[in-house]
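Where a number appears in this text, it was derived from the coordinates with a stated rule and is not lab data. Treat the numbers as computed from the prediction; the structure is a model and nothing was measured. Here the Cβ positions follow ideal geometry from the backbone for every residue, glycine too, while neighbour counts run over all protein chains shown.
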Amino acid sequence: MPKVSAKDTKKSAGVQAAAKKRTKKDPNKPKRALSAYMFFVQDYRERIKAENPDATFGDVGKLLGIKWKEMNAGEKKPYEDKAKADKDRADRENAVYKGNAKAAKQAAKNQAQAAADDDSDEDESD
């Protein structure tokens, strides 16, 4: 068996220590956008827990996944709309955070266009 020198162990210990260090998270960085499924989970978790009081955390997650898969596109649409709006918000806030004024304006324009489309959809259904 080869002999390990003190120099080798110090070097490998330094590499391990460097790998374990994390950079500090910027508290001003905007939150990531939530997916449609996460909006659904926020809405349904309490209902599932009430229906299954003895279910563990993992069991509740599995039941939520099953419920999500059983839903049709029409039932998922409100959550998908929320996700799209949240993505627009996150894009806009990230652009402002990164100092990219052009991207911020484009994200705001996209959000305004989406809002106008939603308003025209509601007018047609009335």
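Could you please report the charge total around ASN52, scoring K, R as +1 and D, E as -1 over all other residues with beta-carbon less than 14 angstrom from its beta-carbon?
Here the charged neighbours net out to +1.
Projecting each Cα onto the charge dipole of the stretch 26-70 (Lys/Arg +1, Asp/Glu -1 at the beta carbon, about the Cα centre), which of VAL60, SER35, ILE48 comes out farthest on the positive side?
Result: SER35.
Spelling out what I want: for every residue of the stretch 67-84, take phi, set θ = phi - 60°, compute 6.51 cos²θ - 1.76 cosθ + 1.60 (Karplus), and round to whole Hz; glycine and proline get x.
Ordered by residue, 3J(HN,Hα) equals 4, 4, 5, 6, 6, 8, 4, x, 6, 7, 3, x, 6, 5, 5, 4, 5, 5 Hz.
Suppose each label sits 7 Å from its Cα in the direction of the beta carbon; what would the LYS49-THR23 distance come out to in nanometres?
3.5
Placing +1 at every Lys and Arg Cβ and -1 at every Asp and Glu Cβ, with all other atoms neutral, what dipole size does the stretch 27-125 have around its Cα centre, in debye to the nearest 20? Numbers along the way, then the final one.
Working: 20 positive and 20 negative charges, 178 e Å.
The dipole of the stretch 27-125 has a size of about 860 debye.
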